[in-house]
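All of the numbers you see were taken from the coordinates with simple rules; none came from a lab. Since the model is a prediction, treat every value here as computed from it, not as a measurement. Here Cβ is always computed from backbone atoms with ideal geometry, including for glycine, and neighbour counts include all displayed protein chains.
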Amino acid sequence: MSGLRLHLACLALLALTAVSFGLAPPPAAAPAPMPKYELSGPFTHDNLTIFFLRGEDQIKGKKLLTLDEALKEKKVIVHETKNVNELAIENVSGEDVFVQAGDIVKGGQQDRTIALDVIVPGKSGRLPLSSFCVERGRWSARGGEDTRAFSGSANALANKDLKLACRGARSQSEVWKEVMNTQDKLKQSVKAEVQAPASATSLQLTLEHKKVLESLQGYVRKLEPALDAKMTDVVGYALVVNGKVISADVYATADLFRKLWPKLVRASAIEALGEKKADLKLTAVKPEAVTSFLAEVATGKRTERKTVRELREVQLETAKNFYFETLAEKNAVVRRSYIAK
């Protein structure tokens with residue numbers, strides 16, 4: 001063996017020995033390939049376009065209730081704790097309930113949005129539920145509402161900046177700022193004051209405003225029925241506003257996505273309404289733009305944290321996008337969220 005080859009072999013052996021004894025970090029693993037989906041669409045109304053993402057269920061043979069339907073059926077209780085950033089949830093039924101980051105719960109001492117994806121098992125007892133306030137200032141009863149618990153969850157965070165304040169920055173002050181920005185954008189779009197007299201800071205009450213609801217009707221009438229009954233393998237969707245792909249969400253099962261779709265399409269319409277520009281010339285978005293958007297996060301910086309019970313959240317961040325992946329036991333995927341910065 002030549003001197004140079006012997007030298008290189010020795011260096012390789014030293015490096016291997018250092019890794020084996022914990023003296024040096026192992027080489028970084030190659031990033032896992034991002035999942036691929038079949039796309040259906042585009043489906044468009046005005047400045048809002050959606051593509052459905054079709055794929056296999058990630059959690060087989062499990063039916064999950066949504067938070068909205070569980071609250072309506074009194075199968076779950078979301079308790080006020082008088083801690084702004086932590087509620088308590090109690091599943092009194094025998095069915096599992098899926099609560100997604102971004103769900104808004106109405107009532108209590110002040111309206112909140114949920115900070116993490118959670119699967120609440122049947123007969124759970126009280127479990128902690130991370131939250132952010134989306135109604136600054138109120139800390140008392142509003143009308144005849146119960147301050148001890150929350151009455152419903154018909155809406156979700158309605159734009160990417162709010163989502164990133166909740167899931168990326170994880171900052172209460174950023175959430176409050178983006179609530180105000182959302183209210184300002186909707187006010188300009190519908191040309192009416194959208195802050196409710198009962199609570200001017202409440203995002204929930206703004207989303208219930210008559211002028212806002214009227215302005216959403218066209219979007220909802222066109223896009224909600226786009227999820228055809230024959231599309232049995234749709235597990236998520238990508239959202240395009242003003243010709244730009246801005247977010248995508250994929251869920252554990254096609255059944256769960258279908259039940260969430262009315263809430264998701266309303267939130268998407270709110271985002272499009274807030275970003276509507278009269279003089280903007282829109283061009284058709286090709287499926288390749290969506291595919292590229294979904295693939296871009298694969299090279300992002302990875303962090304991981306344990307959240308609730310056995311759940312974990314993986315985060316990837318690039319210069320352009322954030323990716324959040326909620327994992328259950330055996331790495332079963334509960335939800336994937338892609339959000340443009």
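Quick notes on this one:
- With 23 Å as the limit, the listed pairs 230/263; 160/187; 106/341; 74/177; 185/244 have 106/341; 74/177 beyond it between alpha carbons.
- Considering only beta bridges that DSSP places wholly inside the chain, some 95 percent are antiparallel.
- Counting all C-alpha pairs of the stretch 38-340, share separated by more than 33 Å (%): 19
- Distance between the 7 Å Cα→Cβ label points at residue 320 and residue 332: 3.4 nm.
- Only aspartates and glutamates eight or more places from residue 286 in sequence, or on another chain, were considered; those with a Cα closer than 15 Å are 38.
- Spin-label model, residue 88 to residue 310: label points 7 Å out along the Cα-to-beta-carbon direction sit 2.5 nm apart.
- Relative contact order (percent, whole number), the chain, Cα cutoff 8 Å, 6+ residue spacing: 18
- The reciprocal of the average 1/r between distinct C-alpha atoms defines the Kirkwood hydrodynamic radius, which for the stretch 110-163 equals 13.3 Å.
- Estimated at 0.36 nm per residue, the fully extended path between residue 301 and residue 147 surpasses their Cα-Cα distance by 51.3 nm.
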